């Protein structure tokens, strides 16, 4: 084993896992490093934030996935840098892990466009902790409104603002509006949760810009039916604990969620190569880092162009395709076969849900919207979950909500001072 | 509504919920105050700590339980004191809630016998956060052992010490030993998790002292089969980040869990009445606080004697019986019926599990142990869960573990510096 070609993969997201999966049986040993012990199914993370799913339904311990692959070693660790000359990954613990081939699949996080001070009041949604933080703040806002005597403050507590109208922003806004207007009204005695405002702010001209205009227009109408106020064409200019400034007008709002902007992980910096404005590593057409061919960058942290000149989107299927591609390259090199051609991205479609009954799907030529799209969306997501247990558990949670209308994971956990209250 | 007799209940545990349930239809309005938004099914909390169940499977938002009871108002708030003359509960937010009848059902927490500094290294198990803290520490210990080069430190990381051998301590020790010896071995490459040590320390002469001696002896044998080292008759004299001192000998152990000692909530202090050594309020035979009859104390925070002179145990069925009793007293007073006699506790039995296949049940005359007891234990707990959704979800999680041997909630969440590591 010890003499085998050593592939070190950093990041257990969609790209990293696909790579490890596709290297099964190749003449390599693999070390997979992640700073989390779990793989996260990010497309459903917004459902944890909105009390629909439990954390363990969309996350799996990485090392458990490879229990039957003795050539795969999983390490919990945080990368601090890479020594390309010595071919070693340096971890925060001080340890160095030597590689023959390195694959960086370290993903991206949200960006505040130079306003990192907004992070404390407008959390983004990338990790399980982010999701439970948002869940706690949304639920606490209703609780605090119930005991608030000052009407202005009560209105601010019942105003929820989501910044950014990509799929995540639309999905969060839809579910929070449904909670306020349909799930919660019977449970409060002093406030009418149906009076809660959910505001979705988008700097660009329309919501869901990655979708065809007709689907975007449909989503806008559906959000309107759910009671979401959509404000397009105006950027957010300030976020504070009291509210949000949209263009020139200040909206008192105690709960803000950030669903705009992407900042890649520092993979380019570690490798000492160029990055684009969002920090994504500029790799060549074979997803290699310029310099020599022993380091690859895949997924949200790589800047890759499609044939039409558009960037490959930062979505799970793109990361998986890149992981599969690099696995083919590594396999070809080690077995002396001809190298595959340049990486080509095949766009399989875009999906987004609006509330609990409607969705839009853009397959390019085929476009779907409404209830059928929602069912396809649901079945696709259950299919892509890992393992029988999770598929059953998520299907059960959804079925339960569908039948009863009641969310199952409405827990306020972790300690955080109740804002503005003792 | 506003003129109705106002019952204020503090605490949404088993006692408080039973009281509210049994006051249905009585000529009262009810305000239920808790500092958490959820009721917690504490008997299964150890399963969250040991990666078997998800938090949302054993906790429910309190206000959701009373959505169909318009006379019940739920408040999220922390009690700071009680003004008996003014008949008002003072909350941390500064607000005062007036009552006609007050019921304190505020429970208990773990006690470190004057060594509160042990709390940081030896967390107890009372809240959902406690459970995720213990889960994180247990899982991180294995992760860190996998990357540790120093053999002595690696052994300390693979030594888990549970202090206190009541049902919770026995249940935690059994499941952690099963994880180490059966669930995890295939997933690690550098350590053999079967070499992990699980030590259960009990100051008293035997484990599970509330059970008959033969059941206690059976549990001891079963723990031995699972590889748990039991040390009875020796108190823990120190807890540090490096390990635990048991009597005079120091055992290097990086993960400690505290399952000993009980400290009641400050209900007695709030009421200005006497308490026993564990802080439990000394109430009269009708569960009233001495002074006047408008304040009751029930559950783990009340000191009540059985007819045989033994104290009523701090378990869920006792709290529920007291909640039901006080509901009868309130109802009788308001409808002019004769008051019920003094509270009488009916012990229905004691249950504990050892690992995933064995349990003991002590009904007094009937004693059960082994697989049949385990099934009765499981069915009883599913029966007592709230709501169809949770019953299905827990049954599914257990069935999955029973069939696959794999735990489903092995997530390290929340931020805590990896101990002794970068």
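Here the range A:50-64 is the region considered, the condition is being touching a strand residue (DSSP E or B) at 6+ places or on another chain (Cβ under 8 Å) and more than 9 Å from chain B (Cβ to nearest Cβ), and the residue that is nearest to residue B:390 (Cα to Cα) is A:58.
If only residues of the range B:47-82 that are modelled with pLDDT of 95 or more and over 22 Å from residue A:187 (Cβ atoms) are counted, the one that is surrounded by the most Cβ atoms within 10 Å (Cβ to Cβ) is B:82. When residue B:210 is tested against (1) modelled with pLDDT under 95; (2) under 19 Å from the mean Cα position of the chain (by Cα); (3) surrounded by 19 or more Cβ atoms within 10 Å (Cβ to Cβ), exactly one condition is not met: (3). Of all residues in the range A:170-183, none are at negative phi and in a loop (DSSP other than H, G, I, E, B).
Assess whether residue A:272 counts as being touching a residue at least 12 places away in the same chain (Cβ under 8 Å) and exposed (fewer than 14 other Cβ atoms within 10 Å of the Cβ). Against the criterion (touching a residue at least 12 places away in the same chain (Cβ under 8 Å) and exposed (fewer than 14 other Cβ atoms within 10 Å of the Cβ)), residue A:272 qualifies. The requirement of being within 11 Å of chain A (Cβ to nearest Cβ), surrounded by 19 or more Cβ atoms within 10 Å (Cβ to Cβ) and over 20 Å from residue B:175 (Cβ atoms) is not satisfied by residue B:410. Looking across the range A:97-114 at every residue that is surrounded by fewer than 17 Cβ atoms within 10 Å (Cβ to Cβ) and modelled with pLDDT of 95 or more, the one that is farthest from the other protein chains (Cβ to nearest Cβ) is identified as A:100.
Condition check: touching a strand residue (DSSP E or B) at 6+ places or on another chain (Cβ under 9 Å), part of a strand (DSSP E or B) and surrounded by 20 or more Cβ atoms within 10 Å (Cβ to Cβ). Does residue A:138 satisfy that?
On the way: touching a strand residue (DSSP E or B) at 6+ places or on another chain (Cβ under 9 Å): yes; part of a strand (DSSP E or B): no; surrounded by 20 or more Cβ atoms within 10 Å (Cβ to Cβ): yes.
For residue A:138, the condition - touching a strand residue (DSSP E or B) at 6+ places or on another chain (Cβ under 9 Å), part of a strand (DSSP E or B) and surrounded by 20 or more Cβ atoms within 10 Å (Cβ to Cβ) - is not met.
Looking at the range A:186-207, can you tell me whether even one residue there is closer than 21 Å to residue A:53 by Cβ, within 14 Å of another protein chain (Cβ to nearest Cβ), modelled with pLDDT under 95 and out of contact with any strand residue (DSSP E or B) (no Cβ under 9 Å at 6 or more places or on another chain)? Before you say what the answer is, go through the steps one by one.
Start the filter on the range A:186-207 by keeping residues that are closer than 21 Å to residue A:53 by Cβ, which leaves A:187, A:198.
Narrowing further to those that are within 14 Å of another protein chain (Cβ to nearest Cβ): A:187.
With modelled with pLDDT under 95 added as a condition, the list becomes A:187.
Filter once more, so that each one left must be out of contact with any strand residue (DSSP E or B) (no Cβ under 9 Å at 6 or more places or on another chain): none.
Within the range A:186-207, not a single residue is closer than 21 Å to residue A:53 by Cβ, within 14 Å of another protein chain (Cβ to nearest Cβ), modelled with pLDDT under 95 and out of contact with any strand residue (DSSP E or B) (no Cβ under 9 Å at 6 or more places or on another chain).
Close Cβ contacts (under 9 Å, 6 or more residues apart or on different chains) running from residues in the range B:147-159 that are more than 14 Å from chain A (Cβ to nearest Cβ) to residues that are in a helix (DSSP H, G or I) and surrounded by fewer than 19 Cβ atoms within 10 Å (Cβ to Cβ) comprise B:155/B:195; B:158/B:195.
The values are calculated or read from the model by the stated rules, or taken from the named source; none is laboratory data. These figures come from a predicted structure and were not determined experimentally. In this analysis, Cβ positions are derived from the backbone assuming ideal geometry, glycine residues included, and neighbour counts consider all displayed protein chains.
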